[in-house]
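S.K.: Sharing a structure with you now.
The values are calculated or read from the model by the stated rules, or taken from the named source; none is laboratory data. All values reported here derive from a predicted model rather than from experimental measurement. Cβ: placed from backbone, ideal geometry, glycine included. Neighbour counts: every protein chain shown.
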Amino acid sequence: MNYNWNWSVLITEPYLGWIVAGLGWTILVSILAWILAFTLGSVLGIMRTTSVPILRGIGTLYVEIFRNIPLLVQFFLWYFVLPEMVPYDWGMWLKRGMPMPELTTAIIALGLYTASRVCEQVRSGIESIGVGQVSAARALGLTEWQAMRYILVPVAYRRIIPPLTSEFLTIFKNSSLALTIGVIELTAVTRQIEEYTFQGFEAFTAATIIYSMITFMVMGIMRQIEKRSLVHGMIGSSK
Amino acid sequence: MGAFDFAVIFDNLPFLMKGMQTTLLLTALAMFGGIVLGTLLAMARISSITVVSVVAASYINFFRSLPLILVIFWFYFLVPLVLGQPVGGFYSVLVAFTLFEAAYYAEIIRAGITSVRSGQFQAARALGLSYAQSMRFIVLPQAFRAMTPVLLTQGIILFQDTSLVYVVGLKDFLVSAELIANRDQRLIEMFTFVAIVYLIISYSASQGVRLLQRRMQR
């Protein structure tokens with residue numbers, strides 16, 4: 001292997017500044033997209049477990065569409081196609097008028113896509129509780145909505161902390177797709193450093209370490225939260 | 001941008017089909033390589049030899065913590081350097097996808113292996129089969145049978161993920177469509193077409209998996 005390693009490129013300006021800024025955009029996109037995904041995904045997940053056929057239908061349709069189109073193609077649909085499909089003035093606003101069009105589009109695309117995944121986690125969390133609890137709640141005179149609000153949702157969320165953690169980490173990794181529409185996040189920065197200095201491997205190494213460190217940190221924190229929020233009396237809660 | 005122009009799709013079908021061939025070939029090869037390597041990793045992961053198990057676990061956790069695009073970048077630049085000659089984008093991304101997917105397949109296969117009751121393995125050993133024979137003839141066949149739906153579902157995810165070769169410009173289905181879209185100024189038509197094709201293929205495949213799952217449960 002013929003390669004001249006030069007690690008000092010990582011602590012040279014402007015490259016160090018690029019990496020820090022890139023990490024900042026990665027975190028910003030991830031967190032804002034997660035807020036959207038979590039909110040919308042929760043609503044959709046609850047919709048899919050109600051007894052109202054139209055609500056279930058909408059939830060199912062949403063999941064099947066968003067889950068079966070590659071995320072990258074969804075980015076392109078929102079960024080390139082949508083502005084051309086709406087009336088001209090709106091299209092111009094989407095392309096130019098909106099604050100930071102690339103960033104906003106990336107957050108929305110990532111959030112809407114991940115909402116379909118969160119929806120499935122919420123749904124399976126609620127469905128895992130079993131009919132006994134619902135029947136008991138209904139027998140006690142709670143309405144379907146009350147049973148959902150006071151019995152199913154609180155238990156379900158505590159149970160799905162592990163899968164939701166991995167969904168958040170997925171969003172964190174998928175935020176790298178924002179580079180395809182021009183957001184200079186962490187992965188894009190590494191490519192940029194490669195183009196400017198031909199020291200790509202140093203930059204890739206730095207990004208690799210940053211991504212895996214953040215992943216392990218989030219997993220560690222979530223494991224603590226998971227321990228505190230265990231639903232007692234369930235299999236696995238005796239740990 | 002005038003009305004929706006179907007002609008641009010029909011005129012370029014052969015070119016698009018070629019792109020789809022690349023997508024499907026990459027999916028199939030990466031899935032095969034990922035499952036083979038994933039099986040080895042899964043067996044290493046549950047090994048009673050601590051070093052082997054720790055190495056496998058580190059590999060799996062490491063790759064699962066990285067964005068696929070970053071892994072593609074790594075190998076796109078690394079593979080030609082290691083081999084000392086340009087090998088073309090396809091082989092570089094194939095290596096990236098295989099190593100990356102193996103980490104995900106390993107976790108699925110591990111769950112499959114551990115779901116086989118331990119009595120099966122013990123009985124095989126008691127009958128005089130070696131470790132390798134017990135795995136090969138008793139445990140793995142049962143494990144693979146049970147996890148076929150999950151493996152196929154991961155294959156559908158992989159099929160969608162191959163679109164990320166866009167970042168290195170490999171001419172798969174999406175990149176082919178994008179080239180035409182930019183050349184003919186037909187972004188709406190091409191990207192909508194791409195989305196619908198992916199939607200139809202992934203949806204049909206996932207319905208097929210669901211059917212298989214239902215049949216297996218009977």
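S.K.: Quick check, is A:E64 in contact with a Gly (Cβ under 7 Å, 6 or more places away or on another chain) and either under 30 Å from B:D5 (Cβ atoms) or crowded, with 16+ Cβ neighbours inside 10 Å (or both)?
M.R.: Spelling it out, it is not the case that A:E64 is in contact with a Gly (Cβ under 7 Å, 6 or more places away or on another chain) and either under 30 Å from B:D5 (Cβ atoms) or crowded, with 16+ Cβ neighbours inside 10 Å (or both).
S.K.: Next question, about the same structure. Restricting attention to region B:151-161, does a residue exist that is surrounded by fewer than 19 Cβ atoms within 10 Å (Cβ to Cβ) and among the polar types (S, T, N, Q)?
M.R.: yes
S.K.: Checking the structure you have, find out if any residue of region A:106-117 is facing another protein chain (nearest Cβ under 10 Å), on the phi < 0 side of the Ramachandran plot and charged (D, E, K, R).
M.R.: The answer is no; no qualifying residue exists.
S.K.: State all residues of region A:59-76 that are among the polar types (S, T, N, Q) and either touching a Pro at 6+ places or on another chain (Cβ under 8 Å) or free of Cβ contacts under 8 Å to residues at least 24 places away in the same chain (or both); if no residue qualifies, say none.
M.R.: Once the filter is applied, which keeps residues that are among the polar types (S, T, N, Q) and either touching a Pro at 6+ places or on another chain (Cβ under 8 Å) or free of Cβ contacts under 8 Å to residues at least 24 places away in the same chain (or both), region A:59-76 yields A:T60, A:N68.
S.K.: Still on this structure: Kindly indicate whether any position in region A:14-21 is modelled with pLDDT of 95 or more, of a type outside the set (K, R) and within 27 Å of A:T104 (Cα to Cα).
M.R.: So far as region A:14-21 goes, no, none of its residues is modelled with pLDDT of 95 or more, of a type outside the set (K, R) and within 27 Å of A:T104 (Cα to Cα).
S.K.: While we're here: Would you be able to say whether some residue in region B:125-139 is without any contact (Cβ under 8 Å) to a residue 12 or more places away in the chain, surrounded by fewer than 18 Cβ atoms within 10 Å (Cβ to Cβ), over 30 Å from A:N2 (Cβ atoms) and within 24 Å of the chain's Cα centre (by Cα)?
M.R.: Scanning region B:125-139, I find at least one residue that is without any contact (Cβ under 8 Å) to a residue 12 or more places away in the chain, surrounded by fewer than 18 Cβ atoms within 10 Å (Cβ to Cβ), over 30 Å from A:N2 (Cβ atoms) and within 24 Å of the chain's Cα centre (by Cα), so the answer is yes.
S.K.: Also, I was wondering about something else. Pick out, from region B:103-218, the helices (runs of 4 or more DSSP H) lying fully within it that include 2 or more residues that are closer than 30 Å to B:V71 by Cβ.
M.R.: In region B:103-218, B:140-161, B:173-184, B:187-217 are the helices (runs of 4 or more DSSP H) which contain 2 or more residues that are closer than 30 Å to B:V71 by Cβ.
S.K.: For region A:150-192, give me each residue that is within 21 Å of A:E226 (Cα to Cα) and of a type in the set (D, E, K, R).
M.R.: A:R158, A:R159, A:E167
S.K.: Do we find a residue being farther than 19 Å from A:I31 by Cβ and acidic (D, E) anywhere in region A:200-217?
M.R.: Looking through region A:200-217, at least one residue is farther than 19 Å from A:I31 by Cβ and acidic (D, E).
S.K.: For the structure I just gave you, tell me whether A:V122 is more than 14 Å from every other protein chain (Cβ to nearest Cβ), of a type in the set (A, V, I, L, M) and buried (at least 20 other Cβ atoms within 10 Å of the Cβ).
M.R.: In short, yes.
S.K.: Follow-up question, since we're still on this one. Which numbered condition in (1) surrounded by fewer than 20 Cβ atoms within 10 Å (Cβ to Cβ); (2) under 26 Å from B:V167 (Cβ atoms); (3) modelled with pLDDT of 95 or more is the only one that A:I58 fails?
M.R.: (2)
S.K.: Quickly run through region B:180-207 and pick out the residues that are more than 10 Å from chain A (Cβ to nearest Cβ) and either in contact (Cβ under 8 Å) with a residue 12 or more places away in the chain or buried (at least 21 other Cβ atoms within 10 Å of the Cβ) (or both).
M.R.: B:I180, B:D184, B:Q185, B:R186, B:F193
S.K.: Given the criterion over 14 Å from B:A195 (Cβ atoms) and within 11 Å of chain B (Cβ to nearest Cβ), identify the matching residue among A:P87, A:P53, A:P70, A:P83.
M.R.: From the options A:P87, A:P53, A:P70, A:P83, the qualifying one is A:P83.
S.K.: Among (1) within 23 Å of B:I157 (Cα to Cα); (2) of a type outside the set (D, E); (3) assigned to a helix (DSSP H, G or I); (4) within 14 Å of chain B (Cβ to nearest Cβ), where does A:R48 come up short?
M.R.: It fails just one condition, (4).
S.K.: Among the residues of region A:180-203, is any more than 9 Å from every other protein chain (Cβ to nearest Cβ), without any contact (Cβ under 8 Å) to a residue 40 or more places away in the chain and either surrounded by fewer than 17 Cβ atoms within 10 Å (Cβ to Cβ) or assigned to a helix (DSSP H, G or I) (or both)?
M.R.: Taking every residue of region A:180-203 in turn, at least one turns out to be more than 9 Å from every other protein chain (Cβ to nearest Cβ), without any contact (Cβ under 8 Å) to a residue 40 or more places away in the chain and either surrounded by fewer than 17 Cβ atoms within 10 Å (Cβ to Cβ) or assigned to a helix (DSSP H, G or I) (or both).
S.K.: Report the residue count in region B:93-103 for those that are touching a Phe, Trp or Tyr at 6+ places or on another chain (Cβ under 8 Å) and either of a type in the set (A, V, I, L, M) or surrounded by fewer than 23 Cβ atoms within 10 Å (Cβ to Cβ) (or both).
M.R.: Qualifying residue count, region B:93-103: 6.
S.K.: What is the residue count in region B:109-141 for residues that are within 22 Å of B:G33 (Cβ to Cβ) and of a type outside the set (V, I, T)?
M.R.: Summing the residues that are within 22 Å of B:G33 (Cβ to Cβ) and of a type outside the set (V, I, T) in region B:109-141 gives 8.
S.K.: Of the conditions (1) touching a residue at least 40 places away in the same chain (Cβ under 8 Å); (2) over 12 Å from A:A156 (Cβ atoms), A:E127 fails just one. Which one is it?
M.R.: Single failed check for A:E127: (2).
S.K.: Go through (1) farther than 15 Å from A:I35 by Cα; (2) of a type outside the set (D, E, K, R); (3) crowded, with 19+ Cβ neighbours inside 10 Å; (4) modelled with pLDDT of 90 or more and name the single condition A:A139 misses.
M.R.: (3)
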